[in-house]
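A short write-up of the structure that comes next.
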Amino acid sequence: EVESLEQAVSLYRGEFLSGFYLSDAPLYEDWLLTERRRLLRELEEILEFLVEVYAARGDYRSAISHAQRWLSLDPLREVAHQELMRLFVWDGDRAAAINQYQKCSDILIEELGVEPALETQSLYKRIISGEPIKEEFSIRGYELDECIGEGNFGVVYLARQLQTDRQVAIKVIRPIFANQVDFIRRFEKEALLVARLEHPHIVP
């Protein structure tokens, strides 16, 4: 599957039907715009997936190459900047990770007039302090801490929700079950039930 995706990515040369126009064809223009957006979105998703695959394999150079192409499609995509920062650290190049944060900060301030998100700033602080950056995985908007529980179907982590700065517990499905539709439905049902529970001795 990875080889097929690599081939698909290598064949993408730019906008779908770039330079091809039809006069007085508004329906064609609408269809073309929709298709271009769809294909670009698919390309971004494939590149993000390939980054995760190569990072999991420890092939950080390949992961960095795909992450850079992913970011080139949308330089304002902060999650791609974060991924590159982590990858540079794992590849042993903290200076490149710090430089990537600066690029992210510059473009966000210049284009949108905003600072990087708290999650990005927190990652940057850990990088410059020399803290180890966990290689397992990340969950957007949360800073994972220690594993506090394990079962047959999932792992529970202590975490901090960055936006509200509150401590939470996060249950993560084991990868082997991630594509099993029936299991996902049961997991979502459990999540909805647990979300309704409120008690001083229950962690959100």
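Give me the angle, in degrees from 0 to 90, between the Cα long axis of helix 60-73 and the longest principal axis of the Cα atoms of the chain, rounded to the nearest 10.
60 degrees
Send over the semi-axes of the chain's equivalent ellipsoid, whole angstrom and largest first, taken as the square roots of 5 times the C-alpha gyration tensor eigenvalues.
Numbers: eigenvalues 222, 116, 71 Å².
Values for the chain, descending: 33, 24, 19 Å.
For a quick protection proxy, order the peptides 185-193, 54-62 by their average other-Cβ count within 10 Å, most packed first. Don't jump to the answer; show the numbers that get you there.
Numbers: 185-193: 11.2, 54-62: 15.2.
Taking the mean over residues of other Cβ atoms within 10 Å, the ranking is 54-62, 185-193.
When the Cα centres of the range 93-122 and the range 13-61 are compared, how far apart do they sit, in Å?
25 Å
Pairs of Cα atoms under 8 Å, at least six residues apart: use those to get the relative contact order of the chain, whole percent. Could you put the intermediate results ahead of the total?
Numbers: 191 pairs, mean separation 19.0, N = 204.
The normalised contact order for the chain reaches 9 percent.
List the aspartates and glutamates whose Cα sits under 13 Å from the Cα of residue 125, skipping any in the same chain fewer than 8 residues away.
The reachable aspartates and glutamates, counting only those whose Cα sits under 13 Å from residue 125, are 143.
To test your reading of the geometry: what angle, between 0 and 90 degrees and rounded to tens, separates the Cα axis of helix 2-11 from the longest principal axis of the chain?
Between the helix axis and the principal axis of the chain, the angle is about 40 degrees.
Coordinate-derived values only; no laboratory data. Remember, it's a predicted structure, so these values are computed and weren't measured experimentally. Neighbour counts are summed over all protein chains in view; Cβ atoms, including those assigned to glycine, are modelled from backbone coordinates with ideal geometry.
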